[in-house]
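Accompanying notes for the structure given below.
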């Protein structure tokens, strides 16, 4: 999914109030973490994750890998945090601004 800059800005502003629900540690990405992200995206559409210092990669690397594994869009990475978005076609939670 391709997001417009206006849609990205909207999602970034929403993410500021979201709690971090995914934590990537020294084990890196696992099937369990991918399943957790997938389930959370189904329920919430927008999730925030954090990468610990002990993890074998950066927030950008893990955000991109999780986005690919869950068919989501990496909205933002700041420091050790990343934000993923995937619309739920059956039961939408977030209404994005219309693309022009």
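The values are calculated or read from the model by the stated rules, or taken from the named source; none is laboratory data. Computed from a predicted structure; not experimentally measured. Virtual Cβ from ideal backbone geometry, glycine too; neighbours counted across all protein chains shown.
General remarks:
- Selection count where residues are in contact (Cβ under 8 Å) with a residue 40 or more places away in the chain and either surrounded by fewer than 16 Cβ atoms within 10 Å (Cβ to Cβ) or over 23 Å from residue 13 (Cβ atoms) (or both), scope the stretch 57-79: 1
- Residue count for the stretch 25-51, restricted to those that are over 16 Å from residue 75 (Cβ atoms), touching a helix residue (DSSP H, G or I) at 6+ places or on another chain (Cβ under 6 Å) and in contact (Cβ under 8 Å) with a residue 40 or more places away in the chain: 1
- In this structure, residue 96 qualifies as in contact with a helix residue (DSSP H, G or I) (Cβ under 8 Å, 6 or more places away or on another chain) and modelled with pLDDT under 95.
- Check on residue 95, in a loop (DSSP other than H, G, I, E, B), surrounded by fewer than 13 Cβ atoms within 10 Å (Cβ to Cβ) and free of Cβ contacts under 8 Å to residues at least 60 places away in the same chain: yes
- Among the candidates 4, 20, 54, the residue that is exposed (fewer than 15 other Cβ atoms within 10 Å of the Cβ), in contact with a strand residue (DSSP E or B) (Cβ under 9 Å, 6 or more places away or on another chain) and either within 16 Å of residue 93 (Cα to Cα) or in contact (Cβ under 8 Å) with a residue 24 or more places away in the chain (or both) is uniquely 20.
- Residues located in the stretch 34-46, provided they are touching a strand residue (DSSP E or B) at 6+ places or on another chain (Cβ under 7 Å) and closer than 12 Å to residue 70 by Cα: 36, 37, 40, 41, 45
- Residue check: residue 49 meets all listed conditions (1) within 10 Å of the chain's Cα centre (by Cα); (2) closer than 20 Å to residue 96 by Cβ but one, namely (2).
- Subset tally (residues that are more than 21 Å from residue 95 (Cβ to Cβ) and either in a strand (DSSP E or B) or out of contact with any strand residue (DSSP E or B) (no Cβ under 8 Å at 6 or more places or on another chain) (or both)) for the stretch 57-84: 9
- Sole residue being more than 16 Å from the chain's Cα centre (by Cα) and within 11 Å of residue 29 (Cβ to Cβ), chosen from 55, 69: 55
- Breaking point among (1) surrounded by 11 or more Cβ atoms within 10 Å (Cβ to Cβ); (2) at negative phi; (3) in contact with a helix residue (DSSP H, G or I) (Cβ under 9 Å, 6 or more places away or on another chain), for residue 14: (3)
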